[in-house]
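Here is the structure we will look at.
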Amino acid sequence: MSAMSDSANQANVAPFDAIEETPPRDTLVVNYFNYFTEVEEHFVRRRGKHLLVSSLDWAIIESWKDMGIPLHIVLRGIDRVFDAYEANHRAASGRLINSILYCQQEVLSCFEEYKHARVGAASESASGPEPAQAPPPFSKETILAYVAGRRPLLQEFAASFDSPSATELIQQTVQRADTRLDDMVQDMKSAQTLDLEAIEQELSRLETMLYETLLQCIPPDELEAVRKEAKRQLREYKKRMEPHIYRQTMDHYVAKRLREQYRLPRLSLFYM
């Protein structure tokens, strides 16, 4: 598992800014489905050397997405961290920033600035013309292929269970999800235009249903072991995180680890 470099650990990191529990969603977040990949690739590009992003880093990225932080704000925060790092000549030592979590403080600070700026911008543009809608990032055919391709992955997930009671419950839930995915595919085929937000909402609902069923089928001691692992990974960051962000990040970490272990596929368009 990746950890921050020694120089990053020694950095003077200020307490995290308070973030609203339910900040306004931004259309850039709703429509930019390669959010995770863009953040990962930008971090690696600024770092200068390839890095296998850890489950902990993916958990914090998912927390940013759930908080509604637009992609360009996340990238701005990452740039600020590396700009400061290079300006302080830490990069000359050869030590590298090895965790996206090191950028957490600056990303949240950038998000606060962004929200304050939008308050004034909204009042100025209230009487102006409606902004042009950006074209969808993927074609109808690409989205159709993606949604249809989730169905065999769900069947593989259901077949991986050997406990009779767990198998029955998993198969029932997978069947419900598979039927709904098939309905969605048929609806999309006949639609002239796709309501991407409605598709994303339904895929996220199915993801939640499948994950909650998975939690019911996992032995309690196994689930507790993953939670303890999450607490160990976050121990050194807990004091610098808002409580709700800490809980959210830990939940995302546990979910990612369990999905990987049981090969439960993601359905959200963010994972295209």
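The values are calculated or read from the model by the stated rules, or taken from the named source; none is laboratory data. The model shown is predicted, which means the values in this text are computed figures rather than measured ones. Side chains included, ligands, DNA and RNA excluded: accessible areas come from the protein's heavy atoms. Shrake-Rupley method; radii C 1.70, N 1.55, O 1.52, S 1.80 Å.
Taking each of 65/256; 140/189; 49/238; 115/238 in turn, the alpha-carbon distance tops 19 angstrom for 49/238; 115/238. Under 19 Å of direct C-alpha separation, and excluding same-chain neighbours fewer than eight residues apart, residue 231 reaches these aspartates and glutamates: 57, 62, 221, 222, 242, 251, 260.
Of 96, 101, the order by accessible heavy-atom surface (1.4 Å probe, DNA, RNA and ligands excluded), from most exposed downward, is 96, 101. Per residue, region 38-119 exposes 41 Å² of accessible surface when a 1.4 Å probe is rolled over the protein heavy atoms with every protein chain present.
Please say if region 156-229 is rounded, prolate or oblate, where rounded means a/c under 1.5 for a ≥ b ≥ c the square roots of the C-alpha gyration tensor eigenvalues, and otherwise the choice is prolate for a/b larger than b/c and oblate otherwise? It comes out oblate by the Cα gyration axes. Rolling a 1.4 Å probe over the protein chains gives residue 231 an accessible area of about 100 Å².
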